[in-house]
Amino acid sequence: MTRTLITGGLVVTAAEETHADVLVEGGRVVALALPGSQRWSADRVFDASGKYVVPGGVDAHTHMEMPFGGTRASDTFATGTRAAAWGGTTTIVDFAVQRRGGSLRAGLDDWHAKADGNCAVDYAFHMIVSDVNEPVLRELPGLVGEGVTSFKLFMAYPGVFYSDDGQILRTMQRAADLGALTMMHAENGPAIDVLVEQALARGETDPRHHGEVRKALLEAEATHRAIQLARVAGAPLYVVHVSAREALAEIAAARDLGLPVFGETCPQYLFLSTDNLAEPGFEGAKYVCSTPLRPKDHQAALWRGLRTDDLQVVSTDHCPFCFKGQKELGRDDFSKIPNGLPGVEHRMDLLHQGVVEGRISRTRWIELACAAPARMFGLHPRKGTIAPGSDADLVIYDPHAVQTLSAATHHMDVDYSAYEGRTLTGRVETVLSRGEVLLDRGDYLGRPGHGAFLPRSACQYL
Ligand SMILES: [Zn+2]
């Protein structure tokens, strides 16, 4: 069995910070000790003096090879998980998609086929339920038994993924009985479709109108409705990609009542805004995603939500489309721009920037990026922390290194960066996944097929 020793680093978990040596054996962390206090022999030693040793990131919201608007997300499981590894993320939870008219089984099998043998890091699945009916609901227990313990519904995208309130209520009831978590894309899709039609009729075709028709109030209204439906169903609820201050207020109010309501946001909502959507030419298309980017003044509310635990998780909603040939599908009609942004590679670094700027603490950084998503989706303490028995998914992080993000240097399979030219302090230096070195000081040593499917238990906050 290979023994690996990481010496002298500041070990940061959601719970604490301690200077410690970390011993890895057989793919797991076996011990932590005061620096230099043990005479451990090892096959491989990493000196982490002056660096952080943090758990590998857990990105609970990705869409590799996701079909959307007549095209598909440009990262495969191979390229997307490789980029994740470069950015210190060692677990992703991707969304398997039920095709309308198809079964959940068929959708999940499709996703297994795409991922199997291709992933550089470990992976798990949520299931998108896009066609709720009795036979489909009868499939839920089987999926939970296979470790797919969360189901995502959409209040947006009528005719594609949309579920009406009755379908949502039925699914929530069934999921609650099974101890599963319902995830919600909370935007009022039918109302948005009216505003899209009216905008296009006025000749408003530019990318910035994507942000204008998908109103904050329609995110807030749907969030409110999802919460009330979950209360009626006696079900827990996880709201994905919260971007509007008004939607966050609904989640905060529900949590103040003691309800099992959780919220996620993404780096794009913390760092980008409608100013990007309004970039001249067709550049704004690079920033089209749903929920949309909001005016800058929403960012402070989201950061506050992250500090006060009204938001628990930061994921990426990684769903990249190339500018050339994909985003361009909507050159004359913003509603035809594929929705999604690349981001899986930069989440750990962008959130660390929040530490550098004094917005969140180091332990909160690790909680939001590693521990909370692992607990939320039934992967803790195997993932998301550094403790004896945990998988040796470890990142040596240099908090002082300076890097500039760019499409010329990133590893995602997409032809632009949403953060082109942005300079960040902090950088991933070394990445281990179950004790195997994936990345060391700029050398990529990972391989497709190292990543394994992770069956998940139920949400650990319930
Ligand atoms: Zn998504």
Which condition breaks for Met183 when tested against (1) crowded, with 21+ Cβ neighbours inside 10 Å; (2) part of a loop (DSSP other than H, G, I, E, B); (3) among the hydrophobic types (A, V, I, L, M, F, W, C)?
(2)
Could you check, for segment 235-252, whether at least one of its residues is over 24 Å from the mean Cα position of the chain (by Cα) and away from the ligand (no atom under 16 Å from the Cβ)?
no
From the set of residues in segment 253-266 that are over 14 Å from His298 (Cβ atoms) and within 16 Å of the ligand (Cβ to nearest atom), which is nearest to the chain's Cα centre (by Cα)?
Glu264
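Restricted to segment 25-35, and to residues that are part of a loop (DSSP other than H, G, I, E, B) and at pLDDT 95 or above, which residue is nearest to Gly9 (Cα to Cα)?
Per the criteria, the residue is Pro35.
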Scanning for something surrounded by fewer than 24 Cβ atoms within 10 Å (Cβ to Cβ), polar (S, T, N, Q) and under 24 Å from Thr223 (Cα atoms), does segment 316-333 turn up at least one residue?
no
Within segment 243-257, residues buried (at least 24 other Cβ atoms within 10 Å of the Cβ) and part of a loop (DSSP other than H, G, I, E, B) come out as Ser243, Ala244
Unique residue being touching a Lys or Arg at 6+ places or on another chain (Cβ under 9 Å) and aliphatic (A, V, I, L, M) when the list is Ala113, Ala106
Ala106
Can you pull out the strands (runs of 3 or more DSSP E) entirely within segment 378-462 that have at least 1 residues that are free of Cβ contacts under 8 Å to residues at least 24 places away in the same chain and within 26 Å of Phe271 (Cβ to Cβ)?
394-404, 423-433
In the set Gly9, Gly27, which member is touching a residue at least 24 places away in the same chain (Cβ under 8 Å), in contact with a strand residue (DSSP E or B) (Cβ under 6 Å, 6 or more places away or on another chain) and of a type outside the set (Asp, Glu)?
Gly9
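Quick grid of which residues meet (1) within 23 Å of Thr182 (Cα to Cα); (2) out of contact with any strand residue (DSSP E or B) (no Cβ under 8 Å at 6 or more places or on another chain); (3) of a type in the set (D, E, K, R):
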| residue | (1), (2), (3) |
| --- | --- |
| Ala253 | yes, yes, no |
| Pro260 | yes, no, no |
| Glu264 | yes, no, yes |
| Gly284 | no, yes, no |
| Gly305 | yes, no, no |
| Val313 | yes, no, no |
| Phe321 | no, no, no |
| Glu328 | no, yes, yes |
| Arg331 | no, yes, yes |
Of the residues in segment 337-358, those that are surrounded by 23 or more Cβ atoms within 10 Å (Cβ to Cβ) and of a type in the set (Val, Ile, Thr) come to Ile337, Val344
Among the numbered criteria (1) aliphatic (A, V, I, L, M); (2) more than 23 Å from Val213 (Cα to Cα); (3) over 19 Å from the mean Cα position of the chain (by Cα), which single criterion is violated by Ala278?
(2)
When you look at Ala20, is it under 21 Å from the mean Cα position of the chain (by Cα) and either of a type outside the set (Phe, Trp, Tyr) or over 24 Å from Thr265 (Cα atoms) (or both), yes or no?
no
In segment 1-24, what residues are within 11 Å of Ser49 (Cβ to Cβ) and either small (Gly, Ala, Ser) or modelled with pLDDT under 95 (or both)?
Gly8, Gly9
Has segment 142-158 got at least one residue that is within 21 Å of the chain's Cα centre (by Cα), within 15 Å of the ligand (Cβ to nearest atom) and surrounded by fewer than 21 Cβ atoms within 10 Å (Cβ to Cβ)?
yes
So which residues in segment 192-242 are acidic (Asp, Glu) and either surrounded by fewer than 18 Cβ atoms within 10 Å (Cβ to Cβ) or assigned to a loop (DSSP other than H, G, I, E, B) (or both), if there are any at all?
Asp193, Glu197, Glu204, Asp206, Glu212
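Here is a list: Asp59, Asp43. Which entry is surrounded by fewer than 21 Cβ atoms within 10 Å (Cβ to Cβ) and of a type in the set (Asp, Glu)? Please lay out each step first, then the result.
Working: Asp59 fails: surrounded by fewer than 21 Cβ atoms within 10 Å (Cβ to Cβ).
Step by step, each of Asp59, Asp43 is checked, and only Asp43 is surrounded by fewer than 21 Cβ atoms within 10 Å (Cβ to Cβ) and of a type in the set (Asp, Glu).
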Within segment 39-54, identify whether any single residue is more than 13 Å from the ligand (Cβ to nearest atom), part of a loop (DSSP other than H, G, I, E, B), more than 21 Å from Val12 (Cβ to Cβ) and among the small types (Gly, Ala, Ser), and answer yes or no.
yes
Could you list all residues from segment 303-328 that are away from the ligand (no atom under 16 Å from the Cβ) and within 21 Å of Glu420 (Cβ to Cβ)?
Cys322, Phe323, Lys324, Gly325, Gln326, Lys327, Glu328
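Report whether or not Arg72 is of a type in the set (Lys, Arg), within 16 Å of the ligand (Cβ to nearest atom) and on the phi < 0 side of the Ramachandran plot. Walk me through how you get there before you give the answer.
Values: of a type in the set (Lys, Arg): yes; within 16 Å of the ligand (Cβ to nearest atom): yes; on the phi < 0 side of the Ramachandran plot: yes.
Taking the combined requirement at face value, the residue satisfies it.
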Would you confirm whether or not segment 409-417 contains a residue that is loosely packed, with under 15 Cβ neighbours inside 10 Å and either acidic (Asp, Glu) or more than 21 Å from the chain's Cα centre (by Cα) (or both)?
yes
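The values are calculated or read from the model by the stated rules, or taken from the named source; none is laboratory data. These figures come from a predicted structure and were not determined experimentally. Neighbour counts run over all protein chains shown; Cβ positions are idealised from the backbone, glycine included.
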